[in-house]
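The values are calculated or read from the model by the stated rules, or taken from the named source; none is laboratory data. All of these numbers come straight from a predicted model, not from anything done at the bench. Reconstructed Cβ throughout: ideal geometry from the backbone, glycine too, with neighbour counts over all protein chains shown.
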Amino acid sequence: MSDGNIVHVVGTGTIGEPLIGLLCDAREELGIDEVTFYKHTPNLIDRPKIKGLMNRGANLVAANDKIKDFQELGLEPMYEAEEAIKRASVVIDCTPKGTGLLNKERYYNKYKNKVKGFLAQGSEFGFGKMYAVGINDEAITKKDKFIHIVSCNTHNIAVLIKTLAIEGSKTSHLKEGKFLCIRRANDISQVKSFVPSPEISKHGDPDMGTHHARDVYHLYKTLGLELNVFSSALKINTQYMHSIWFDIKLTNKITQDEAIQRFLDNPKVAVTNKLSANLVFSYGRDHGHYGRILNQTVIVLPSIHVLNENEVIGFCFTPQDGNSLLSSISATERFLYPDTYKEQLKCLGPLLFQEV
């Protein structure tokens, strides 16, 4: 491993690109000496994006057999793919579903004694210990080399439960939690996978429905808590934001005002009086980093309703991968600065909104 703190990002998609940009923009405050990124396929369409990242200060990485193809596009890779992994302090895998696990078997295990830590994004169940910043920070130890950053909707569900039902970190007042993830079809940067009408997701888990509740269950299990949660999901024909309808039953009483105040008091929760996703999305586009809102969730205040003195029902919007970006950088800083990482992370405070 070279001297200095080097963060290497694998992939330049909907999470990879803004993550590379944020790491570059806050590099000095985060104590990072170099940012490198791996691009798999050289093509003309992606050239402006790659140039933009390089202009921000990131160094391009390519597979050995594709370096010449990048050069023909006027792009000069600084390192070869495996070389970049070997010299990195932290590797963040932002590749499509399943690729992170393959990369772990092929490359990451080989260099786990040289690299301080490896992260994988989203649907990479089994990659390592699950993590969402502000949810299970105390479960992460210096022995954890592989960290699984959970999906954006899993972040959202986790913070809803944390805010309403978890006391401290070891006591749960959750009786039952049900969640409907109303997912966007694809990101505005993508041209594939758009759906012409609502498309229902199957309940793949016999006890918890979709992977969102399953992942939340395992996320909280790292704290010794086993929650009664169930989720369903569907895609709708929009590219703006995911939305979640939630029904959280508590073992203790709560009023509507108390529920709202808990959301207002959580610094990682943003609130809004807007009922339309496009208005929330446009706020992120105009005021966020790379158009992203980094909060864990955006609570729709007019939707909050309490039934039977212990059941909180409402809607919220999921920031488009922004919450995953925040967790990725938090985990990265833990690897780089295990004793002082909270100080480094203060530079991201202005990117967290109280109100949208």
Seminar exercise, completed: GLY4 fails exactly one of (1) in a loop (DSSP other than H, G, I, E, B); (2) out of contact with any strand residue (DSSP E or B) (no Cβ under 9 Å at 6 or more places or on another chain), namely (2)
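Considering GLY100, GLY57, which residue is small (Gly, Ala, Ser) and part of a helix (DSSP H, G or I)? Talk me through it step by step, then tell me what you get.
Details: GLY57 fails: part of a helix (DSSP H, G or I).
Residue meeting the stated conditions: GLY100.
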Exercise. Can you name the residue in region 124-133 that is modelled with pLDDT under 95 and surrounded by fewer than 19 Cβ atoms within 10 Å (Cβ to Cβ) and is also farthest from ILE157 (Cα to Cα) among such residues?
Worked result: GLY126
Problem set entry | Selected residue (criterion: surrounded by the most Cβ atoms within 10 Å (Cβ to Cβ)) from residues of region 216-245 that are of a type in the set (Phe, Trp, Tyr) and closer than 19 Å to GLU167 by Cβ | TYR220
For this session: Among the residues of region 174-210, count how many are at pLDDT 90 or above, surrounded by 13 or more Cβ atoms within 10 Å (Cβ to Cβ) and polar (S, T, N, Q).
Result: 2
Exercise. In region 190-228, which residue that is touching a Lys or Arg at 6+ places or on another chain (Cβ under 7 Å) and among the β-branched types (Val, Ile, Thr) is farthest from THR14 (Cα to Cα)?
Worked result: THR222
Exercise. For region 72-111, what are the residues that are over 23 Å from the mean Cα position of the chain (by Cα) and charged (D, E, K, R)?
Worked result: GLU72, GLU76, GLU80, GLU82, GLU83, LYS86, ARG87, ARG106, LYS110
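Scan region 331-347 for residues that are surrounded by fewer than 22 Cβ atoms within 10 Å (Cβ to Cβ) and in contact with a strand residue (DSSP E or B) (Cβ under 9 Å, 6 or more places away or on another chain) and jot them down. Show your work before the answer.
So in region 331-347, the residues surrounded by fewer than 22 Cβ atoms within 10 Å (Cβ to Cβ) come out as 336-347.
Answer for region 331-347, where residues must be surrounded by fewer than 22 Cβ atoms within 10 Å (Cβ to Cβ) and in contact with a strand residue (DSSP E or B) (Cβ under 9 Å, 6 or more places away or on another chain): just LEU336.
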Exercise. Could you say which residue among ILE45, ILE67 is in the same structural domain as GLY100 (by TED's automatic domain parsing), β-branched (Val, Ile, Thr) and not in a loop (DSSP other than H, G, I, E, B)?
Worked result: ILE67
For this session: Take region 257-298 and flag every residue that is surrounded by fewer than 16 Cβ atoms within 10 Å (Cβ to Cβ), part of a loop (DSSP other than H, G, I, E, B) and touching a residue at least 24 places away in the same chain (Cβ under 8 Å).
Result: PRO267, ASN273, LEU275
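Quick test for you: out of LEU336, LEU250, LEU325, LEU301, pick the one residue that is in contact (Cβ under 8 Å) with a residue 40 or more places away in the chain and over 26 Å from GLU138 (Cα atoms). First the steps, then the outcome.
Numbers: LEU336 fails: over 26 Å from GLU138 (Cα atoms); LEU250 fails: over 26 Å from GLU138 (Cα atoms); LEU325 fails: over 26 Å from GLU138 (Cα atoms).
After ruling out the rest, the residue left standing is LEU301.
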Problem set entry | Candidate set from region 116-146 (those that are acidic (Asp, Glu) and assigned to a loop (DSSP other than H, G, I, E, B)); member that is nearest to GLY204 (Cα to Cα) | GLU124
Seminar exercise, completed: Of those in region 150-173 that are of a type outside the set (S, T, N, Q), surrounded by fewer than 19 Cβ atoms within 10 Å (Cβ to Cβ) and touching a residue at least 12 places away in the same chain (Cβ under 8 Å), the residue nearest to LEU307 (Cα to Cα) is HIS173
Seminar exercise, completed: The number of residues in region 283-323 that are modelled with pLDDT under 95 and among the small types (Gly, Ala, Ser) is 4
Seminar exercise, completed: When region 91-123 is checked residue by residue, the ones that are buried (at least 19 other Cβ atoms within 10 Å of the Cβ), closer than 14 Å to GLY16 by Cβ and out of contact with any Leu (no Cβ under 6 Å at 6 or more places or on another chain) are VAL91, ASP93, CYS94, THR95, GLY100, ASN103, LEU119, ALA120, GLN121, GLY122
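Just a yes or no: is a residue in region 320-327 surrounded by fewer than 16 Cβ atoms within 10 Å (Cβ to Cβ) and either in contact with a strand residue (DSSP E or B) (Cβ under 8 Å, 6 or more places away or on another chain) or not assigned by TED's automatic domain parsing to the domain that holds SER193 (or both)?
So the first thing to find is which residues in region 320-327 are surrounded by fewer than 16 Cβ atoms within 10 Å (Cβ to Cβ), and the list is none.
The answer is no, given that none of the residues of region 320-327 is surrounded by fewer than 16 Cβ atoms within 10 Å (Cβ to Cβ) and either in contact with a strand residue (DSSP E or B) (Cβ under 8 Å, 6 or more places away or on another chain) or not assigned by TED's automatic domain parsing to the domain that holds SER193 (or both).
So that you can scan it fast, the table gives a plain yes or no per residue for (1) of a type in the set (A, V, I, L, M); (2) part of a loop (DSSP other than H, G, I, E, B); (3) under 25 Å from ASP265 (Cα atoms):
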| site | (1), (2), (3) |
| --- | --- |
| GLU105 | no, no, no |
| LEU164 | yes, no, yes |
| PHE179 | no, no, yes |
| GLN190 | no, yes, no |
| SER193 | no, yes, no |
| PRO196 | no, yes, no |
